Amino acid sequence: MEQVLTDYTAMRDEMVAALAESLGERAWRESPNSPGLRRSRVGGADPAAEQVGLVTWSFEGTYAVDAWHGAARLVAEVGRRHGFTDGGITVDRPGDLEIFGVDAHGGRYTFGMATNTILTLRTGPHRWEHPPEPADQQRT
Amino acid sequence: MVTMSQVRSWRPATLGLVADAMVQRRRTLVALQDEMDDGAPPSTWVSESRDAAVASHTTLRESLADLVAEVAQVAAALDIAVDAVTRAQGELDEALGVAAGNGFSVSTTGRVTDNRDTLTDDQEVADRRAIREEIVDKIEQALRNAGHADTSLAAALRSAAGGVDGGTSSLAQAAATGTAGGQRGVLAPPTGGTDHDLNSWWEGLTEDEQATVISEHPEWIGNTDGIPAWARDDANRELIDDYRADLTGQLATAQEAGDKGLSETLTQKLDGLDAVEDTLELGNRQLLLLDITGEDQLMAAIAYGDVDTADHVAVFTPGFTTTVAGDMAGYDSQVANLVEEAAAQSDKYGDGGTVAAVSWLGYEAPQWDNVLDPGSSVASRAPAEAGAGNLASFYNGIDASRDADPHLTALGHSYGSLTTGLALQEQTGVDDAILFGSPGIGTSHVEDLDVSGGHVYRLEARRDVVADVGGLGQFGIDPSYIDGMTGLSTEQGSIGGVDYAESVGHSDYLTRGSMSQHNMASIVAGVPEQTVEGDTRGFGDILSWPLPWTY
């Protein structure tokens, strides 16, 4: 799990950098809806496996409407380089766009724009090498 | 008993200045230690008069120590009184604010009067009565807290005036003795208090006293509605080891007696404690209920997220065969996914309001092995009725424990939808209700629920046979046919490209990526415009078509 979190964090940073380079900087912030690592059990074959939600990043407003598809493509291209080779369009309608990508390990990102812009990341089921104490969970 | 005008006339700031002055006096006196030690007759002094000098010095030292202790006691008591009175005045101001904001007036003697003209609407009358009771409760507890502050300070001052023994050790030790003597006993919670009473009592305690209650009397607050979630969580976690020891002891006795049934019950309760601890160790959780006293089952409620601060709070009540040991982990995971989906929708479509949700297993849900027991069978309303009061109180406690009410959504699945429906027939602060996979909600008329019109939703999946048993009478008609409930889709769907999976059967409603989960998340997040309406009707719904002349 530790390695997965490191890899996904790097991917997210690259996605935001790619968007900034092509479409300009935005005031991305950590969503108050995602305080630190959000852990839950998966159940099934491996009861010790967990899924973790990384901090959601968002900014108020969106990119210019005519750049929406381009922004989604930038994010998907970065994702593909990091193993997120499957996914799709969750919604594509006036005022609402959302894509998602998944990797071979069950990890999933979503990138969406409507009123605001969000980028969420969640791992697939993995085990921790050193499970964090709840108080020690760092924001990632 | 102190009066409202008395309490409002008190000047804790002035008391604070006196406390500061006393602290300064204490420091000055304690600083005399070196001088006192230097003034002792030297050991090299050999003469008859030395004994008298030593005796005189000892008397002086002990008198000074007593004085230090008295001053320290008064300083400590004043400090605590300042904090307590300030809190009590704050609670009074809050009560008056609620009154003023809702068209009530409060006399100098604390009498609460509704200024609205005669009301005829039953719902409005009930709502006004509830607000009045909240104001009365807050004033009552503020005065109780203020009275305790007053009597405690008076007792400490009387005790200091009567003399405090500062001991024979150092002046610093005498100060510590006096400070300890200035502490007041923690005021116990009001017996039979409402959730507003209990919240006001809690807010009237100093921070140190709250910490004392959590460490020394966690049973006062762990399962008490009206207490903030963080405090209930801390208190319940304190109790886990005690409960485990208690249940383990009972199990040993039961096994010795050869009571197989009781042994199984106790084993399951212990397994439930394990499940609770496993879930808590994931972090970002609050243990809002832990009760080992159920006849058959452990009861517990765990929140995902922060119920004290979230803008949107949901409470999920499951149904038949649910146990903490077998199901808490799974429901926690589903609730976590729901919160994540709702949070993403809130961030993307709304104002980014934060979300939390509770898996509430706070009643003894019917099980397979009591299906023939009329008092606890899934075919009976009895277990739901027993749970509904606790659930209604839990909803109300969330509102009472916070300065600003959250947007509160009640979620009820299967038999849990009956419990939820019955709870919602009481006056609660629930803003939206979602009843899914429901065999009946305890009434055939949505108006019986104390939830605003247009805010009660139902979901039924294809081939959910449980949802089709409605119409047996005592649970009310099949919710598919209750006028005024909004059906939300559980089908595979497209909204201009949206791809959501269908829910099938009884247990698929909260599956991630499903239309039903999306719809529930939209309601929880306060963005109902993102829902997809629809009603799934199957062959079973023909058999539950209501007979209008029967209700």
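The values are calculated or read from the model by the stated rules, or taken from the named source; none is laboratory data. This structure is a prediction, so every number in the text was calculated from the model and none was measured. Here the Cβ positions follow ideal geometry from the backbone for every residue, glycine too, while neighbour counts run over all protein chains shown. SASA here: full protein model, heavy atoms, side chains in, ligands and nucleic acids out. Shrake-Rupley method; radii C 1.70, N 1.55, O 1.52, S 1.80 Å.
Of note, B:Ala275 does not satisfy the criterion of being farther than 29 Å from B:Ala404 by Cα, open to solvent by 40 Å² or more (accessible area, probe 1.4 Å) and either modelled with pLDDT of 95 or more or of a type in the set (Gly, Ala, Ser) (or both). For segment A:14-29, the count of residues that are within 15 Å of A:Asn116 (Cβ to Cβ) and of a type in the set (Asp, Glu) is zero.
Scanning segment B:139-166 for residues that are touching a residue at least 40 places away in the same chain (Cβ under 8 Å), more than 18 Å from B:Val85 (Cβ to Cβ) and either among the acidic types (Asp, Glu) or not in a helix (DSSP H, G or I) (or both) gives B:Gly163, B:Val164, B:Asp165, B:Gly166. With respect to the conditions (1) closer than 30 Å to B:Arg285 by Cα; (2) open to solvent by 30 Å² or more (accessible area, probe 1.4 Å); (3) within 10 Å of chain B (Cβ to nearest Cβ); (4) not small (Gly, Ala, Ser), A:Gln51 lacks only one, and its number is (2). Filtering segment B:151-166 to residues that are crowded, with 17+ Cβ neighbours inside 10 Å, under 28 Å from B:Asp137 (Cβ atoms) and not small (Gly, Ala, Ser) leaves only B:Leu153. Any chance segment B:79-90 includes a residue that's of a type outside the set (Val, Ile, Thr), open to solvent by 60 Å² or more (accessible area, probe 1.4 Å) and over 28 Å from the mean Cα position of the chain (by Cα)? Among the residues of segment B:79-90, at least one is of a type outside the set (Val, Ile, Thr), open to solvent by 60 Å² or more (accessible area, probe 1.4 Å) and over 28 Å from the mean Cα position of the chain (by Cα), which makes the answer yes.
Would you call A:Val78 in contact with an Asp or Glu (Cβ under 9 Å, 6 or more places away or on another chain), away from chain B (no Cβ under 11 Å) and either in contact (Cβ under 8 Å) with a residue 60 or more places away in the chain or part of a strand (DSSP E or B) (or both)? Against the criterion (in contact with an Asp or Glu (Cβ under 9 Å, 6 or more places away or on another chain), away from chain B (no Cβ under 11 Å) and either in contact (Cβ under 8 Å) with a residue 60 or more places away in the chain or part of a strand (DSSP E or B) (or both)), A:Val78 qualifies. Residues in segment B:33-72 that are closer than 21 Å to B:Ala160 by Cα and touching a helix residue (DSSP H, G or I) at 6+ places or on another chain (Cβ under 7 Å): B:Arg61, B:Leu64, B:Ala65, B:Leu67, B:Val68, B:Ala69, B:Glu70, B:Val71, B:Ala72. Got at least one residue in segment B:198-209 being out of contact with any helix residue (DSSP H, G or I) (no Cβ under 9 Å at 6 or more places or on another chain), open to solvent by 20 Å² or more (accessible area, probe 1.4 Å) and either among the acidic types (Asp, Glu) or more than 23 Å from B:Ala149 (Cβ to Cβ) (or both)? Looking for residues that are out of contact with any helix residue (DSSP H, G or I) (no Cβ under 9 Å at 6 or more places or on another chain), open to solvent by 20 Å² or more (accessible area, probe 1.4 Å) and either among the acidic types (Asp, Glu) or more than 23 Å from B:Ala149 (Cβ to Cβ) (or both), one finds none in segment B:198-209, hence no. Scanning segment A:57-75 for residues that are in a helix (DSSP H, G or I), in contact (Cβ under 8 Å) with a residue 40 or more places away in the chain and either over 25 Å from A:Leu37 (Cβ atoms) or of a type in the set (D, E, K, R) (or both) yields a total of 5. Cβ-Cβ contacts under 9 Å between residues 6 or more apart (or on different chains), taken from a first residue in segment B:167-182 that is open to solvent by 50 Å² or more (accessible area, probe 1.4 Å) to a second residue that is part of a loop (DSSP other than H, G, I, E, B), are listed as B:Gln173/B:Gly166; B:Gln173/B:Gly167; B:Thr177/B:Val164; B:Thr177/B:Asp165; B:Thr177/B:Gly166; B:Thr177/B:Gly167; B:Thr177/B:Ser169.
Annotation: of all residues in segment B:1-41 being open to solvent by 70 Å² or more (accessible area, probe 1.4 Å) and outside any helix (DSSP H, G or I), the one that is nearest to B:Ala175 (Cα to Cα) is B:Ala31. The numbered conditions (1) without any contact (Cβ under 8 Å) to a residue 60 or more places away in the chain; (2) over 19 Å from B:Ala344 (Cβ atoms); (3) under 12 Å from the mean Cα position of the chain (by Cα) are all true for A:Phe100 except (2).
So is B:Asn337 open to solvent by 10 Å² or more (accessible area, probe 1.4 Å) and at positive phi or not? Here the answer is no, as B:Asn337 does not meet what is asked.
The sole residue among A:Thr9, A:Thr62 that is more than 10 Å from every other protein chain (Cβ to nearest Cβ) and either open to solvent by 10 Å² or more (accessible area, probe 1.4 Å) or within 15 Å of A:Arg122 (Cα to Cα) (or both) is A:Thr9.
Among residues that are under 30 Å from B:Gln210 (Cβ atoms), in contact (Cβ under 8 Å) with a residue 60 or more places away in the chain and surrounded by 23 or more Cβ atoms within 10 Å (Cβ to Cβ), B:Ala99 is not included.
Does B:Glu385 satisfy the criteria of being of a type outside the set (Val, Ile, Thr) and surrounded by fewer than 18 Cβ atoms within 10 Å (Cβ to Cβ)? Judged against the criteria, B:Glu385 is a match. For segment B:239-252, indicate whether the set of residues that are within 13 Å of chain A (Cβ to nearest Cβ) and either assigned to a helix (DSSP H, G or I) or modelled with pLDDT under 95 (or both) is non-empty. Checking segment B:239-252: not a single residue is within 13 Å of chain A (Cβ to nearest Cβ) and either assigned to a helix (DSSP H, G or I) or modelled with pLDDT under 95 (or both). For segment B:349-374, filtered to residues that are without any contact (Cβ under 8 Å) to a residue 60 or more places away in the chain, of a type outside the set (Val, Ile, Thr) and more than 30 Å from B:Gln530 (Cα to Cα), the residue that is most open to solvent (accessible area, probe 1.4 Å) is B:Trp368.
In segment A:22-29, the condition of being farther than 17 Å from B:Glu340 by Cβ, more than 14 Å from chain B (Cβ to nearest Cβ), of a type outside the set (Asp, Glu) and assigned to a helix (DSSP H, G or I) is met by at least one residue.
Only one entry in B:Ser105, B:Ser56 is open to solvent by 20 Å² or more (accessible area, probe 1.4 Å), of a type in the set (S, T, N, Q) and part of a helix (DSSP H, G or I), namely B:Ser56.
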